[in-house]
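*Asks:* Before we start, here is the structure in question, set down as structure tokens.
Coordinate-derived values only; no laboratory data. As the structure is a computational prediction, the values presented were derived from the model and not from experiment. When we count neighbours, we look across all protein chains shown, and the Cβ atoms used for this are built from the backbone with ideal geometry, even at glycine.
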């Protein structure tokens with residue numbers, strides 16, 4: 001009985017110590033490092049309006065459909081950019097539903113942007129990302145949409161392209177992936193133009 005109580009006491013003590021370290025000390029250290037070194041990212045890379053209200057995140061796309069805005073990638077996440085239902089469509093390359101969806105997206109994109117019926121369309125303009133939440137579009141996609149946005153806002157296309165260049169994020173570490181234009185930040189900047 002004495003050895004059983006000693007074993008039980010050791011097990012309880014070990015559990016309490018591990019609980020304190022794993023559920024208290026370690027998370028506080030990670031939280032502190034995140035706040036000290038990466039505060040913006042650790043807090044969701046939030047974007048605020050002039051009144052201090054959160055209007056979005058630099059890391060999660062939002063749906064824009066008006067002609068005066070750059071349009072994001074299509075989203076398969078719930079009801080469009082629903083972070084609670086993040087994910088792709090799970091349709092494979094042989095899926096007729098996927099092929100029909102892409103074909104319709106290509107036709108819509110060409111019509112919206114005044115492109116010829118045989119004009120090439122960037123893949124990111126007609127296919128959803130794996131998460132369905134991608135906040136970026138390709139530089140080529142932004143270039144093709146710039147004419148529509150400039151016309152809808154009464155601006156010069158060159159001015160819209162220059163603004164798009166300001167909100168283009170370079171590849172990670174200068175070489176991983178492609179440059180991408182952050183749609184939310186760009187559209188907010190367009191709304192802020194005089």
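*Asks:* Determine the gain in length on full extension of the stretch residue 166-residue 103; use 0.36 nm per residue of separation and subtract their C-alpha separation, reporting nm with one decimal.
*Replies:* 19.5 nm
*Asks:* Can I ask one more? Taking the beta-carbon count within 10 Å as an exposure proxy, list 115, 20 from fewest neighbours to most.
*Replies:* Details: 115 16, 20 11.
Ranked by crowding around the Cβ, least crowded first: 20, 115.
*Asks:* How large is log10 of I(q)/I(0) for the chain at q = 0.11, 0.16 Å⁻¹ when the intensity is taken from the Debye formula with one equal scatterer per alpha-carbon?
*Replies:* Debye curve over Cα of the chain, log10 I(q)/I(0) at q = 0.11, 0.16 Å⁻¹: -0.63, -1.10.
*Asks:* Okay, next question. Taking the 0 to 90 degree range and rounding to the nearest ten, how far is the long axis of helix 26-37 tilted relative to the main principal axis of the chain, both from C-alpha atoms?
*Replies:* 40 degrees
*Asks:* Which order do 84, 144, 8 fall in if you start with the one that has the fewest other Cβ atoms within 10 Å?
*Replies:* The fewest-first ordering by Cβ neighbours comes to 84, 8, 144.
*Asks:* Please give, to one decimal in nm, the separation of the simple spin-label points placed at residue 123 and residue 94, each 7 Å out from Cα toward the Cβ.
*Replies:* 2.0 nm
*Asks:* So how far apart, in nm, are the two label points at residue 43 and residue 116 if each is 7 Å from Cα heading toward Cβ?
*Replies:* Each label point lies 7 Å from its Cα, and together they span 5.1 nm.
*Asks:* Using R₀ = 45 Å, calculate the FRET efficiency as 1/(1 + (r/R₀)^6) where r is the Cβ-Cβ separation of residue 156 and residue 12; round to 0.05.
*Replies:* Given R0 = 45 Å and the Cβ-Cβ separation, E is 0.05.
*Asks:* Between residue 188 and residue 79, what length in nm is gained on full extension when 0.36 nm per residue of separation is reduced by their alpha carbon distance?
*Replies:* 37.0 nm
*Asks:* Arrange the following residues from fewest to most other Cβ atoms within 10 Å of their Cβ: 161, 28, 133.
*Replies:* Working: 161 16, 28 10, 133 25.
By the 10 Å Cβ count, ascending: 28, 161, 133.
*Asks:* What FRET efficiency comes out for residue 64 versus residue 21 if R0 is 41 angstrom and r is the Cβ-Cβ distance? Round to the nearest 0.05.
*Replies:* 0.30
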